[in-house]
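We did not get these values from a lab; they are worked out from the coordinates using the rules stated. Values in this document were obtained by computation on a predicted structure and should not be read as measured data. Note that we place each Cβ from the backbone using ideal geometry, even for glycine, and neighbour counts take in every protein chain shown.
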Amino acid sequence: MLPVNRLENWFCSTGYWRRVTQERVLPWIIAGVPLGDHVLEIGAGPGAATQELRRLAPQVTSLEWSHAFAANLAAQDRDGKGSVLQGDASALPFANESFSSAFAVLVLHHLRSSDQQDRAFCEIYRVLRPGGVFLAGEIPDGWLQRAIHWKSTFIPVPPASIPARLGGAGFSRVTLISRRGGFGFQAFKSA
């Protein structure tokens, strides 16, 4: 099973998804939380959020599981405010306390198990500086989401489980945010 199928690859590469991500998804998830000076973008894909994150923060490091997406995104870096690495969210290749914030949109459900999701939460906590924030957006489980993810990894993250799972990784001040068709959260590493 692939983490992402062809339909998802195509859709996430469209100008429509880039606009929706930049104009609606990012502002909703960030909701006034300062990103700080160095953002870790997890699961950058084709870069729908990357340029906007680079506009909002002095430095952005983008991590992408797909070598092809990572190479293509790295080739698009024209502003010098970011770097792109190929890697796994559950085994981050960064030193402790490297980032002021971490950002992930529609990534967690592509990790191959809830255990791998929990390892990713622990890794994100490890690489955040004290006072740093983890911001994420996800989709709920449902027949439509399962159909879209046919022949793709889809391990839904139950919203009700988020506070306990992030608390188990060390995060505090976990806030769930909901809207039609999705949910997000903000979780802080204590200062």
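Things worth noting here:
- Principal semi-axes in Å for segment 18-83 [√(5λ), Cα gyration tensor, largest first]: 19, 14, 10
- Rounded to the nearest 20 debye, the dipole magnitude of segment 10-137 is 280 debye, with +1 charges on Lys and Arg beta carbons, -1 on Asp and Glu beta carbons, and the Cα centre as origin.
- Each Cα pair under 8 Å and six or more residues apart adds its separation to the average, and for the chain the resulting relative contact order is 21 percent.
- Local electrostatic count, Glu97, Cβ distance below 10 Å [Lys/Arg +1, Asp/Glu -1]: +3
- Distance-filtered residues of segment 167-191 - backbone nitrogen under 15 Å, label point 7 angstrom along Cys122 Cα→Cβ: 167-171
- Computed over the chain, the per-residue total of -39500 (n - 2.57) for DSSP H runs of n ≥ 4 gives a 222 nm mean residue ellipticity of -8500 deg cm²/dmol, rounded to 500.
- In segment 30-127, the convex hull through the Cα atoms has an average projected area of 5.9 nm², a quarter of its surface area.
- At R0 = 35 Å, FRET efficiency that the Cβ-Cβ distance of Ala75 and Leu144 yields, to 0.05: 0.55
- Near Gln145: Cβ cut-off under 12 Å, other residues only, Lys/Arg at +1 and Asp/Glu at -1. The net charge is -2.
- Legend: ranking of residues Cys12, Cys122 from fewest to most surrounding C-beta atoms inside 10 Å; resulting order Cys122, Cys12.
- Per-bin percent of Cα-Cα distances, segment 6-188 [10 Å]: 10, 41, 40, 10, 0
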